[in-house]
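The next block holds one structure in the form of structure tokens; read it before the comments.
The values are calculated or read from the model by the stated rules, or taken from the named source; none is laboratory data. Only a predicted model underlies this, so the values are computations on that prediction, with no experimental measurement involved. Positions of Cβ are generated from backbone atoms using ideal geometry, with glycine treated the same way; all protein chains shown enter the neighbour counts. Heavy atoms of the whole protein, side chains included, go into the accessibility calculation; ligands, DNA and RNA do not. Shrake-Rupley method; radii C 1.70, N 1.55, O 1.52, S 1.80 Å.
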Amino acid sequence: MSIKITKTSWRPFIELTDTDGNTLYFDVNIRPVFLTQKESETEVISGDTKFTVKQSAKDIIKAVERLIKEEQDRKLEEAEAYRKA
């Protein structure tokens, strides 16, 4: 399952779906704990907050890795443009 990345002017989020079908915008800058409950459900724990999503922990991790790669590539392009200028 591909997880959508939503970028804003101040921070990127990944979109997750809770067990009721609601969309959650997950801040990848926090350090959560993922507990796999079923193959396609994951409990996400961050501090005092806990919620269950339909995406697997592996899919969430892949989405975060993709987001990090996209941000690295963007910063590299930006640095290259500054060097040329």
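A compact table of results
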item	result
Other-chain or far-sequence residues with amide H under 5 Å of residue 24's (modelled H)	16, 17, 18
Spacing of the two label points (7 Å from each Cα toward its C-beta) at residue 80 and residue 52, in nm	4.6
Cα long-axis angle, helix 57-84 against the chain (0 to 90 degrees, to the nearest 10)	10
Assigned charges on the beta-carbon of Lys, Arg, Asp, Glu; the chain dipole about Cα centre (debye)	280
Average accessible surface area per residue within the chain, 1.4 Å rolling probe, Å²	73
Max mean-square fluctuation residue, GNM over the chain, Cα-Cα springs under 10 Å, options 38, 62, 54	38
Mean residue ellipticity (222 nm) of the chain, computed from DSSP H runs ≥ 4 via -39,500 (n - 2.57), nearest 500	-12000 deg cm²/dmol
Heavy-atom accessible area order for 35, 16, largest first, 1.4 Å probe	35, 16
Solvent-accessible area, 1.4 Å probe, carbon plus sulfur percent, for the chain	49
